[in-house]
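Bear in mind that the values in this text are calculations on the coordinates, not laboratory data. On a predicted model such as this, the values are computed, not experimentally measured, just so you know. So basically every Cβ, Gly included, is an ideal-geometry build from the backbone, and we count neighbours across all protein chains shown.
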Amino acid sequence: MSQQFSASVIFFRRSGLFLVGLMAFPWVAIAGLRAPFYSALHRQWIKRNNRPSWMQQSESAKQFILF
């Protein structure tokens, strides 16, 4: 079973990720690593519980598939 994170944990995680992304922008833009770096940040941004983010995305995608 997965445990939901509290709103304060989500807020502080997202604030920290925003600051990391903002401070790292010049370095990743010059180094050409912008896409993989921000993809990793996005995976952390969307976490709302302790399950892997790919599992959350696959479960939310199931509702759009109509069989």
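What the table below lists for this structure:
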{"item": "Count of the stretch 23-56 residues which are outside any helix (DSSP H, G or I), in contact (Cβ under 8 Å) with a residue 12 or more places away in the chain and either surrounded by fewer than 11 Cβ atoms within 10 Å (Cβ to Cβ) or more than 15 Å from the chain's Cα centre (by Cα) (or both)", "result": "1"}
{"item": "Selection status of residue 20, among the aliphatic types (A, V, I, L, M), more than 13 Å from the chain's Cα centre (by Cα), surrounded by 12 or more Cβ atoms within 10 Å (Cβ to Cβ) and part of a helix (DSSP H, G or I)", "result": "no"}
